[in-house]
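Contents: one structure, followed by commentary.
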Amino acid sequence: MCALGRALMSKPTLLIIDELSLGLAPVIVDDLIETIVTLRDEQGISILLVEQDVQVALDIADRGYVVEAGSIVMHDRTEKLAKNKHIKAAYLGVV
């Protein structure tokens, strides 16, 4: 949270956030997600989120990019990615 506050002091137009949920309690992650959604929607700040929790990323993003072995192997609007059989099986544990 401190890093996010420090980043906002420079009034950015783009925030790059790497692993928002890593090592944090779920309640804190929920608060941070709510905060970045508010920043995006109310202040017009673009957010580039790198996140291993695929469901979180798909829930809040407009577009998604799937990176495997350092290469982008798939990209689309998140609504389409969330319905993709490969994404569901490989990243969401849904068969």
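The values are calculated or read from the model by the stated rules, or taken from the named source; none is laboratory data. On a predicted model such as this, the values are computed, not experimentally measured, just so you know. Note that each Cβ is placed from the backbone with ideal geometry, even for glycine, and that neighbours are counted across all protein chains shown. Calculation scope for accessible area: heavy atoms of the full protein, side chains included, ligands and nucleic acids excluded. Shrake-Rupley method; radii C 1.70, N 1.55, O 1.52, S 1.80 Å.
List the helices (runs of 4 or more DSSP H) inside the stretch 12-95, counting only whole elements, that have at least 1 residues being touching a Phe, Trp or Tyr at 6+ places or on another chain (Cβ under 7 Å) and either open to solvent by less than 60 Å² (accessible area, probe 1.4 Å) or free of Cβ contacts under 8 Å to residues at least 40 places away in the same chain (or both). Step through it out loud before you land on a result.
On the way: elements: 26-43, 54-60, 78-83, 85-91.
Once the helices (runs of 4 or more DSSP H) in the stretch 12-95 are filtered for at least 1 residues that are touching a Phe, Trp or Tyr at 6+ places or on another chain (Cβ under 7 Å) and either open to solvent by less than 60 Å² (accessible area, probe 1.4 Å) or free of Cβ contacts under 8 Å to residues at least 40 places away in the same chain (or both), what remains is 54-60.
Has the stretch 31-41 got at least one residue that is at pLDDT 90 or above and over 14 Å from the mean Cα position of the chain (by Cα)? Don't jump to the end; show me each part of the working.
As a first pass, look at the stretch 31-41 and keep what is at pLDDT 90 or above: 31-41.
Going one step further and asking which of them are over 14 Å from the mean Cα position of the chain (by Cα), we end up with 41.
Within the stretch 31-41 (the criterion being at pLDDT 90 or above and over 14 Å from the mean Cα position of the chain (by Cα)), the answer is yes, since at least one residue qualifies.
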